[in-house]
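Structure record follows, encoded as structure tokens.
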Amino acid sequence: MERILIGDLENHIGEHISLSGWVDVRRDQGKMVFFDFRDRSGLIQGVVLPGSATMETAKNIRSEYVVRVEGVVNKRPEKNVQMDKQNGELELDIQGIEILNPSDAMPFTISEDTSGIDETVRAHYRYLDLRSKRMQKNMRVRSEFIRRCREYLFSKDFTEIETPLLTESTPEGSRDFVVPSRLQPGKFYALPQSPQQYKQLLMTAGFERYFQIARCIRDEDLRADRGFEFSQIDLEMSFVGMEEVMDLTEEMILTAVEAMGYSVKEKPFPRISYKDAMEKYGADKFDLRTPEEKENGTLAYAWVVNFPFFEKTKEGTWTFTHNPFSMPVSEHLDWLMKGERIGDILTTQYDLICNGFESGGGSIRAHTPDILEAVYKIMGFTQEERVERIGHMLQAFRFGTPPHGGIALGIERNIMNLTGETMLREVQAFPMTRGGKTAVMDAPKPLEDAQLEELHLSINERDASQD
Ligand code: ASP
């Protein structure tokens with residue numbers, strides 16, 4: 001018999017149907033056994049009535065067994081209707097249950113909120129944790145947000161292109177994760193902190209409008225809203241200025257979140273300079289919502305612009321505040337080229353904030369070699385170091401690279417805002433624990449001696465035993 005989804009049962013009242021799913025809960029009342037069955041589309045209550053041939057099987061079934069159930073979809077008598085529940089006016093009169101796979105006793109009850117359960121237990125059994133209502137919702141919100149952004153970008157003539165994961169270090173201000181090369185002893189790849197350089201090279205390559213759901217990997221201290229791995233909606237456009245990138249991003253977000261039923265506090269998104277934000281809020285991330293708007297899930301976006309391009313390091317040299325590949329604002333290009341008034345130079349960076357989080361950021365880029373060189377000169381790179389670090393970009397910029405700019409939106413932070421979660425790990429399927437251990441599987445792990453040898457590595461025993 002064809003499988004009917006639980007969410008579709010209301011269209012099958014009075015019919016003998018078959019459904020497949022999990023036993024959410026079982027309530028044994030002696031003469032009768034009640035179940036809640038669950039599949040991806042929701043929950044339905046079922047009952048095994050006294051004298052039923054399936055009573056013995058029913059008595060042996062526990063929570064989270066996977067079953068195929070046959071029965072008749074009935075309307076509940078008026079007094080048993082639960083209007084606040086999905087399928088609260090229906091009940092399945094169970095005629096047969098086939099156990100497709102039993103389940104061990106659960107390490108925690110997934111029909112309740114699992115957020116209070118110990119983090120390492122949740123991580124170890126993440127595949128069970130993900131069955132919970134809240135995690136199912138979070139993953140679906142994430143999927144829908146990405147889908148809607150993707151659809152929007154396709155409608156605007158963007159091409160989705162993947163860039164390499166094994167690559168050379170790109171500066172995003174974090175430590176790199178590195179991968180040893182087997183074929184080239186003593187050499188390492190870096191995993192990308194972002195696709196920044198490749199997406200700019202795709203502009204050189206003439207794609208004009210690129211996007212990617214990009215994995216970014218940064219070796220940073222872990223925090224509630226920061227993990228080693230995260231994803232970005234990463235895009236880049238040719239022949240644009242700040243306005244076009246900001247307008248497109250704004251329209252993409254509004255198209256996605258409004259279709260998902262969220263309301264946005266202010267449109268177009270307000271814009272504020274970095275200087276004014278610091279004076280008014282003491283930070284470049286701030287929350288514009290009233291307490292009432294926090295309650296009802298309103299989203300308050302704003303753009304922060306006019307950031308300083310450079311800041312002083314502890315050693316007294318200059319470094320970039322956001323992105324070394326950015327263009328300064330046009331009024332300050334001359335200072336950049338001459339290396340004058342460095343602390344006053346403003347960049348074309350635009351940061352998107354939402355409900356107190358930075359939810360994205362980007363800029364118009366330097367697209368000629370002399371401008372990019374000027375940035376690296378200010379940061380104290382010698383001619384040789386410049387060639388070594390960005391020689392490939394300087395070269396590409398000599399082959400007709402169009403003016404371009406882009407942005408990247410942090411997917412997790414956006415989903416945290418949409419779901420009201422405050423921890424990054426609540427919006428990733430298999431997040432790491434705070435200690436940097438992978439979910440379910442036990443990485444990082446030592447390598448076998450043979451693998452180390454193949455990779456031309458030896459481990460300093462003293463460091464290894466400090467674990
Ligand atoms: N690559 C930047 C980042 O990861 C975003 C951008 O400027 O497009 O923050």
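The values are calculated or read from the model by the stated rules, or taken from the named source; none is laboratory data. No experiment lies behind these values; they were computed from the predicted model shown. Positions of Cβ are backbone-derived with ideal geometry, glycine not excepted, and every protein chain shown enters the neighbour counts. Note: areas computed on protein heavy atoms with side chains; ligands, DNA, RNA excluded. Shrake-Rupley method; radii C 1.70, N 1.55, O 1.52, S 1.80 Å.
Figure note: I99, I411 ranked by solvent-accessible area, largest first, 1.4 Å probe, ligands and nucleic acids not counted: I99, I411. Computed over protein heavy atoms with a 1.4 angstrom probe, the accessible surface ordering of S111, S231, largest first, is S111, S231. May I ask which residue of A300, L447, F34 lies farthest towards the positive end of the charge dipole of the chain, with charges of +1 (Lys, Arg) and -1 (Asp, Glu) on Cβ and the Cα centre as origin? Result: F34, furthest along the dipole toward the positive end.
Here the gap between T433 and A283, fully extended at 0.36 nm per residue and compared with their Cα-Cα distance, gives a gain of 51.1 nm. Taken about its Cα centre, the chain carries a charge dipole of about 440 debye when Lys and Arg each add +1 at the Cβ and Asp and Glu each add -1 at the Cβ. Projecting the Cα atoms of P50, F239, L409 onto the charge dipole of the chain, computed from C-beta unit charges around the Cα centre, puts P50 farthest toward the positive end.
Taking every protein chain into account, the 1.4 Å probe leaves E56 with about 140 Å² of accessible area, to the nearest ten. Separation of the range 369-386 and the range 257-326, taken as the distance between their Cα centroids, equals 29 angstrom.
What helices does the chain have that are whole DSSP H segments, at least 18 Å long along their own axis by Cα, and with mean Kyte-Doolittle hydropathy of 0.0 or more?
Both cut-offs are met by 242-259.
Which one, L183, Q197, S132, is farthest towards the positive end of the dipole of the range 130-213 when Lys and Arg carry +1 and Asp and Glu -1 on their Cβ? My answer, from the dipole projection, is S132.
Between the alpha-carbon centers of the range 396-456 and the range 189-254, tell me the distance in whole angstrom. Spelled out, the Cα-based centre of one part sits 13 Å from the other.
Taking 0.36 nm per residue of separation and subtracting the current Cα-Cα distance, fully stretching the chain between E266 and S181 would add 25.6 nm.
Accessible surface of I13, taken over heavy atoms with a 1.4 Å probe and every protein chain present, rounds to 80 Å².
Count charges around R76 for me, please; just the other residues with Cβ under 9 Å from its Cβ, Lys/Arg as +1, Asp/Glu as -1. Intermediate values should be presented prior to the final figure.
Values: positive: K75, K79; negative: E78, E89, E91.
Every neighbour counted, the sum reads -1.
In terms of its Cα atoms, the range 1-155 spans 56, 40, 31 Å along the principal axes, sorted from long to short.
Note the full-extension length gain between E258 and R68 as 0.36 nm times their separation in residues minus their Cα-Cα distance, in nm to one decimal.
Numbers: separation 190, 0.36 × 190 = 68.40 nm, distance 3.79 nm.
Between E258 and R68, full extension yields 64.6 nm more.
Near E243: Cβ cut-off under 11 Å, other residues only, Lys/Arg at +1 and Asp/Glu at -1. The net charge is -2. Of all lysines in the structure, the ones whose alpha carbon falls short of 20 Å from that of K437, not counting any fewer than 8 places away in one chain, are K445. On the basis of the beta-carbon distance and an R0 of 35 Å, E112 and S20 show a calculated FRET efficiency of 0.90. Based on the inverse mean of 1/r over its pairs of different Cα atoms, what is the Kirkwood hydrodynamic radius of the range 195-267, in Å? Result for the range 195-267, one decimal place: 14.6 Å.
Rolling a 1.4 Å probe over the heavy atoms of the protein chains gives the range 220-338 an accessible area of 50 Å² per residue. A Förster distance of 56 Å, applied to the separation of the beta-carbon atoms of T120 and E89, puts the FRET efficiency at 0.85.
Of the residues H392, H404, ranked by 1.4 Å probe accessible area with the largest first, the sequence reads H392, H404.
Expressed as a whole percentage, what fraction of the accessible surface of the chain belongs to carbon and sulfur atoms when a 1.4 Å probe is rolled over the protein heavy atoms? Can you show the working numbers first?
Working: 11900 of 24000 Å².
Of the solvent-accessible surface of the chain, carbon and sulfur hold 50 percent.
For K31, the lysines whose Cα comes closer than 26 Å to its Cα, not counting residues fewer than 8 places off in the same chain, are K59, K75, K79, K85.
So, in Å, what gap is there between the alpha-carbon centers of the range 118-143 and the range 337-363? Here the two parts' Cα centres lie 36 Å apart. With no solvent and one point on each alpha carbon, what is the Debye value of log10 I(q)/I(0) for the range 183-317 at q = 0.11, 0.18 Å⁻¹? Those come out to -0.62, -1.46, one per q. Taking the alpha carbon gyration tensor of the chain, multiplying each eigenvalue by 5 and rooting it gives semi-axes of 51, 28, 20 Å, largest first. Here the label points at E162 and K133, each 7 Å from Cα along the C-beta direction, are separated by 3.7 nm in the simple model. Here the range 345-467 is described by how far its Cα atoms reach on the three principal axes: 48, 46, 25 Å, from widest to narrowest.
Using a Förster radius of 22 Å, what is the FRET efficiency between D247 and D276 based on their Cβ-Cβ separation? Nearest 0.05, please. Show your work: numbers first, answer last.
Details: r = 21 Å, r/R0 = 0.96.
Efficiency at R0 = 22 Å is approximately 0.55.
Think of a 1.4 Å ball rolled over the protein heavy atoms: the range 62-128 then has 58 Å² of accessible area per residue. Probing with 1.4 Å while keeping every protein chain in the model, the per residue accessible area of the range 340-453 equals 44 Å².
Considering only protein heavy atoms, what is the solvent-accessible area of Y65 at a probe of 1.4 Å, reported in Å² to the nearest 10? Accessible area, nearest 10 Å²: 30 Å².
Sites listed here are trypsin sites (Lys or Arg not before Pro) in the range 216-309 whose DSSP assignment is loop and whose Cβ has at most 16 other Cβ atoms within 10 Å: K285.
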